1. Those residues that are more than 14 Å from chain A (Cβ to nearest Cβ), buried (at least 18 other Cβ atoms within 10 Å of the Cβ) and assigned to a helix (DSSP H, G or I), I need them from segment B:179-216; list them, please.
2. Which condition number does B:Thr241 fail, the rest of (1) out of contact with any Phe, Trp or Tyr (no Cβ under 9 Å at 6 or more places or on another chain); (2) modelled with pLDDT of 85 or more being met?
3. Can you name the residue in segment B:99-123 that is modelled with pLDDT of 90 or more and open to solvent by less than 10 Å² (accessible area, probe 1.4 Å) and is also farthest from the chain's Cα centre (by Cα) among such residues?
4. Within segment B:13-42, count every residue that is open to solvent by less than 90 Å² (accessible area, probe 1.4 Å) and at pLDDT 90 or above.
5. Open to solvent by 60 Å² or more (accessible area, probe 1.4 Å), within 25 Å of the chain's Cα centre (by Cα), under 30 Å from B:Val188 (Cα atoms) and at pLDDT 90 or above: does that describe B:Lys136?
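The values are calculated or read from the model by the stated rules, or taken from the named source; none is laboratory data. Note that the structure is predicted; figures quoted are calculated from it, not measured. Glycine gets a Cβ as well: all are built from the backbone with ideal geometry, and neighbour counts include every protein chain shown. With ligands, DNA and RNA removed, areas are computed over all heavy atoms of the protein, side chains included. Shrake-Rupley method; radii C 1.70, N 1.55, O 1.52, S 1.80 Å.
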Amino acid sequence: MSTGSGAVVFTDQSGGDQLSLVDILDHVLNQGIMIRGNLVISLAGVDLVYVGLDMILTSIETAMRHMNPPAPLAKK
Amino acid sequence: MATELKRDAGRVLYLYGITESLPARSASAEVLGVDQKSAVEPMECESVVCWISRVSAEEFEKDLNKNMENLEWLAMASVAHQRALSAIRTQAEVLPARFGTVFRNLSSLRKHVRAGLREFQKDFKRLKDADEWGVKVFALPPAAKIASPAAASGRAYLMARAALVPRNDSRPQTDRELEEFSRELERVAEETAAVGKISGGQRGLTFQRSLLVKRANRPHMESVLRKFSERWADTRKIECTGPWPPYSFVSAKAESAGSE
């Protein structure tokens, strides 16, 4: 399902809509159960990665918006 | 053969998430794993079911931190991780594991799952019949309003022109409106959480939350979004994504009491 009503945009993955990479990363990397232990590799350093990613992904997202039909975000 | 043995020896167990029981129909055949090669397998583990893939130890253990800094790798793996969880979620309520949770062997997986069982049971109860939704509000840049009204027909042109005329009811949109929006969403959600480590820098983004919404309450959430989208038609855009597995609402540290 993808409905534009007023200015709301619904992206419902169960309806086969494409989610943007930035949204996937936002949710996937947000939290999740962190099971800890000496034999478990968890992402201690991930928060550092976020900082650099933010800028790169924002520009990718902007590029994607320009390529796809939904209204592009205007650049300065 | 020797190569095959060596490769098997170099596998680790990548955990996607945990379900309470084995669903009648398994998703394993339908979706590829986080490495886009291996199967997603349900594995009974203590009293729950762990959904895993057998992945390369080199890629997901030794080089994991390095790979996380490689945007292309991270993007592919995150999308595959999400796809696997999405397939699992169609069959059972799933507690998503943190991206990149890897175990060297089955006994390690069992040991750590056992330690978290009590927390998982609480999460299953709390998250039952609920989905995560992402809500973002963007301020529409003024430039959008004065975009050239290039139109295919005369009618479309006039409509585009009409849209450019400033409205008289240009009430100042203070943060109070966002506060009201936030309060109304909180009323339809069981819980809310901060999200946006990645997209936080998107241009025009003025509000971003993750909501945990019972499936029965989804129409209420949608009506709140529609109401505000109409109110903000010319000034703000609302984006809503989901339903997501409850990434942002599982207990973050299943073993926190026992470690450190």
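1. Taking segment B:179-216 first, the residues more than 14 Å from chain A (Cβ to nearest Cβ) are B:179-180, B:182-183, B:186-190, B:214, B:216.
If we keep only those that are buried (at least 18 other Cβ atoms within 10 Å of the Cβ) too, we end up with B:188-189.
Of everything in segment B:179-216, just one residue is more than 14 Å from chain A (Cβ to nearest Cβ), buried (at least 18 other Cβ atoms within 10 Å of the Cβ) and assigned to a helix (DSSP H, G or I), namely B:Val188.
2. In the conditions (1) out of contact with any Phe, Trp or Tyr (no Cβ under 9 Å at 6 or more places or on another chain); (2) modelled with pLDDT of 85 or more, B:Thr241 misses (1) alone.
3. Top of the filtered list is B:Phe120.
4. 16
5. Answer is no for this residue.
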